[in-house]
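One structure is given here, and the rest of the page talks about it.
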Amino acid sequence: MSLLSIRDLRTEFSGPAGIARAVDGVSFDVEPGEIFGIVGESGCGKSATCRSILHLFGGAPARIAGGEILLEGTGDLARMTERDLSRVRGREVAFIFQDPLTALNPTMRIGKQIAEVIRCHRKVSKAEARAAALELLREVQVTSPERRLDAYPHELSGGLRQRVVIAMALALRPRLIIADEPTTALDVTVQDQILRLLRERRDSTGTSIILVTHDLGVVSQICDRMAVMYAGRVVETGSVRQVLDTPLHPYTRALLAALPGQTGRERDLTPIEGSPPGLISPPPGCRFAPRCRFARPECAVGQPPALHPRGETAHLDACILTEVPDVLA
Ligand SMILES: Nc1ncnc2c1ncn2[C@@H]1O[C@H](COP(=O)(O)OP(=O)(O)OP(=O)(O)O)[C@@H](O)[C@H]1O
Ligand SMILES: [Mg+2]
């Protein structure tokens, strides 16, 4: 059984211009011990999907309007009360945000912040929690951990702060870590170190990780399976090799063709023309149809097909066309 099964999830944000269906029928599974990547253009609902899992909307006017978020052995998180969710957060599922500064309290020493995560959920003495915090800093390879325990967040570099956030996420040994663009605020070498750290944790503890990123290179490096999102929906999912080596959906193909460095030359970049639709009143039919060079009249009508297998059963996509010409973009 999967560790996490998301089924037909729908999440809405209400605003003055209407209701944005940021997540509109998303389904995917995360298996024990796997790193699952979610990619897609800005605004396609990656964060909204992740935030829905623990109902962490940061005060935004969001609600889960339907679907299921089944955590193995725990139940449907979509329907859980705030009180029950508070027992799942951190302990079973932990969240790593993009900007470590928003996750840390600027006025509290980091040793105390990590210790408080532990003391919130476990009955341990202050000294034991501090010792555990020190051990966690070692685990995330913070140098001179004894000294860092008494530092304030602003005294640390961005990379160190993100390590502290990861230490907090690991503190209660969760079964699933959701990392929403954990490295975009960091420079490239530090990005590499943080991603390696996450992969090592998965290797040593079997924790599953959902990793949201804009970077297909990162997905190819550390993810096992992945989903490609477009305008609130998953358009393709499968193993990283299946999706990146033999992309099925025209959007995935366009995304890959838009990658710089495919042939090592910047001028070979083929950007995807146009922009994604608004999510308040998206076009009928396939939402990618207005930008798709393979679109036919029927693509813009009715509901697009649900994710379905094509050839290999674990590789699914949501395109109406049975044959997409075998050229990129
Ligand atoms: N705080 C908010 N208030 C209102 N609408 C929101 C809010 N946050 C997100 N949305 C809506 O949800 C949609 C999806 O946003 P989301 O943050 O999930 O995108 P994303 O894929 O994570 O993008 P990015 O790559 O830029 O992080 C947005 O296009 C917008 O319509
Ligand atoms: Mg986001």
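Every number in this text was worked out from the coordinates using simple rules, so none of it is lab data. Since the structure is predicted, the reported quantities are computational estimates derived from the model, not experimental observations. Positions of Cβ are generated from backbone atoms using ideal geometry, with glycine treated the same way; all protein chains shown enter the neighbour counts.
Computed values, structure above
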item	result
Overall form of region 86-191 per C-alpha gyration tensor (a/c, 1.5; a/b vs b/c)	oblate
Kyte-Doolittle at least -1.0, axis length at least 15 Å by Cα - qualifying DSSP helices, the chain	110-121, 126-139, 158-170, 188-205
In nm, spacing of pseudo-spin labels at A131 and A306 (7 Å Cα→C-beta vector)	5.3 nm
Computed E for D150/I280 - FRET, C-beta separation, R0 41 angstrom, nearest 0.05	0.25
Cα centroid of region 114-141 to Cα centroid of region 12-42, whole Å	33 Å
Likely footprinting exposure, T107, T49, fewest C-beta neighbours within 10 Å first	T107, T49
Positive-end residue, region 99-173 charge dipole about Cα centroid, Cβ charges, pick of S125, V142, A167	S125
Once the Cα gyration tensor of the chain is diagonalised, semi-axes √(5λ) in Å	36, 22, 18
